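This report concerns only the one structure given below.
Values in this text are rule-based calculations from the coordinates and carry no lab data. Worth saying up front: this structure is predicted, and the values here are computed from it rather than measured. Heads up, the Cβs are rebuilt from the backbone with ideal geometry, glycines too, and the neighbour counts pull from every protein chain shown.
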Amino acid sequence: MNADTTAESGTGGQPGDYPRTTDMAEMARRCYPDTLAFYQYWLAKAGTRSMPSRADLDPAEMKRWLPGIQLVDVFPAEAGRKRRLVYRLVGEAEVSLRGYNPKGREVAEAALGKDTSDPLGNYAIVIDQQLPVYDWSRISHPNGFLIGQECILLPLSDDGKHVNMVVTYGKVVRRHDASR
């Protein structure tokens, strides 16, 4: 699937059906103001670089977004092992939504909505192409309801060449009864 995919709706699972984009003008047109502000903060921290480092982000400046933030460590593939993505920090809103804190667990096992969304595909685009990804979708919650959400995933790099961490900001925009 093309990384610059956009879709108006869909729940994922079918090629071309998952609603995401790497076009930040498209993101700016459809996202909530907090999500756009977080992207602009990340962009300002990058300056003339393609992406900032984790050290560039100041939690004191990020207070308004912290409940929806996740930091994910990227461990590159090596010696026959696949790349690993591990939650380093998960904001209070994300923990509350899940009902547990996935800190220290791999994204592949603990991502919310992994059956109806494409979190690993989003991370692959961010890491391999060093591009921001914005997605909006309905995802299944383990407790049986659907969540309308939006999320922006942004690359971070200590050396300016390789993504070693991804910062995300997610926002639940609707909660749907799964029986409808």
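Of the helices (runs of 4 or more DSSP H) lying entirely inside segment 62-140, those carrying at least 1 residues that are in contact (Cβ under 8 Å) with a residue 60 or more places away in the chain, buried (at least 18 other Cβ atoms within 10 Å of the Cβ) and of a type in the set (S, T, N, Q) are 119-129. Of all residues in segment 88-122, those being closer than 18 Å to LYS171 by Cβ and among the aromatic types (Phe, Trp, Tyr) number 0. Taking the criterion of being among the charged types (D, E, K, R), within 17 Å of ALA124 (Cβ to Cβ) and under 15 Å from the mean Cα position of the chain (by Cα), the residues of segment 63-108 that qualify are ASP73, GLU106. Give segment 23-36 a look and list any residue that's over 17 Å from GLN70 (Cβ atoms) and not in a loop (DSSP other than H, G, I, E, B), or say none. Result: MET24, ALA25, GLU26, MET27, ALA28, ARG29, ARG30, PRO33, LEU36.
Specify the residue that is farthest from the chain's Cα centre (by Cα); the eligible residues are those in segment 148-173 that are outside any strand (DSSP E or B) and among the small types (Gly, Ala, Ser). The extreme case among them is GLY160.
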